[in-house]
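The values are calculated or read from the model by the stated rules, or taken from the named source; none is laboratory data. As the structure is a prediction and not an experimental result, all values here were calculated from the model. Ideal geometry is used to build each Cβ from the backbone, glycine not excepted, and the neighbour counts take in all protein chains shown. The accessibility values were calculated without ligands, DNA or RNA, using every heavy atom of the protein model including side chains. Shrake-Rupley method; radii C 1.70, N 1.55, O 1.52, S 1.80 Å.
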Amino acid sequence: MLQVPRVAEARGLSAQEVRDLVESRIQGRDLGFLGAERINVAELNLALDEREGE
């Protein structure tokens with residue numbers, strides 16, 4: 001989330017659009033309690049590419 005403003009500016013998107021994409025791609029912890037939540041960055045980049053092209 002700290003990088004949302006920078007990514008939004010670099011991609012020419014609003015911060016809210018990027019934040020929504022990030023939040024929709026948060027993956028939960030293993031077994032519901034092990035480790036930290038994470039984001040599949042490759043999947044997020046593909047979604048950002050799609051939005052940027054619209």
Cα-based Kirkwood hydrodynamic radius, the chain, one decimal, Å: 11.8
Per residue, in Å², the accessible surface of the chain once ligands and nucleic acids are set aside, probe 1.4 Å: 75
Point-to-point label distance, A42-L2, nm (Cα→Cβ direction, 7 Å offset): 2.5
Amide H within-cut-off set for I39, under 5 Å, with H built and near neighbours excluded: Q27
Accessible-area composition of the chain, carbon plus sulfur, in percent [1.4 Å probe]: 51
Structure-based [θ]222 nm, the chain - -39500 (n - 2.57) summed over DSSP H runs of at least 4, per residue, nearest 500: -17000 deg cm²/dmol
Between 0 and 90°, nearest 10: helix 15-24 axis offset from the chain longest Cα axis: 30
Farthest positive-ward along the chain dipole, Cα basis, beta-carbon charges - from G32, L21, A8: G32
Degrees, to the nearest 10: 41-53 long Cα axis against longest axis of the chain: 20
Total charge dipole magnitude, the chain, about the Cα centre, Cβ charges on Lys, Arg, Asp, Glu only, Debye to nearest 20: 240
